[in-house]
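Just so you know, all these numbers are worked out from the coordinates, no wet-lab data involved. Note that this is a predicted model, so its numbers are computed, not measured. Cβ coordinates were reconstructed from backbone atoms using ideal geometry, including for glycine residues, and neighbour counts include every protein chain displayed.
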Amino acid sequence: MAKPLIQIDDEVREMTDEKFNAYKALQTANAEAQAEADAKITARLSALAKLAALGLTEAEIAAL
């Protein structure tokens, strides 16, 4: 993979190895955080659907 270009003032150049490694680590951390957030949302929606399937009304679910 080619290193991304960065612009500092008027100079455009490739990232240094250090900055590129930090960039990749940040991208990985962001992907993991997004996957965790998506999993929480999916779990919540699943729980709400199960409660509704048991016959609880929206008001009863909201009271929980």
#### Entry: Residue list for the range 18-53, filter: polar (S, T, N, Q), under 30 Å from PRO4 (Cβ atoms) and under 19 Å from the mean Cα position of the chain (by Cα)
GLN27, THR28, ASN30, GLN34
#### Entry: Criterion: among the small types (Gly, Ala, Ser) and surrounded by 10 or more Cβ atoms within 10 Å (Cβ to Cβ) - qualifying residue of ALA22, ALA62
ALA22
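Scan ARG13, ARG44 and give me the residue that is surrounded by 10 or more Cβ atoms within 10 Å (Cβ to Cβ), out of contact with any helix residue (DSSP H, G or I) (no Cβ under 6 Å at 6 or more places or on another chain), among the charged types (D, E, K, R) and not in a helix (DSSP H, G or I).
ARG13
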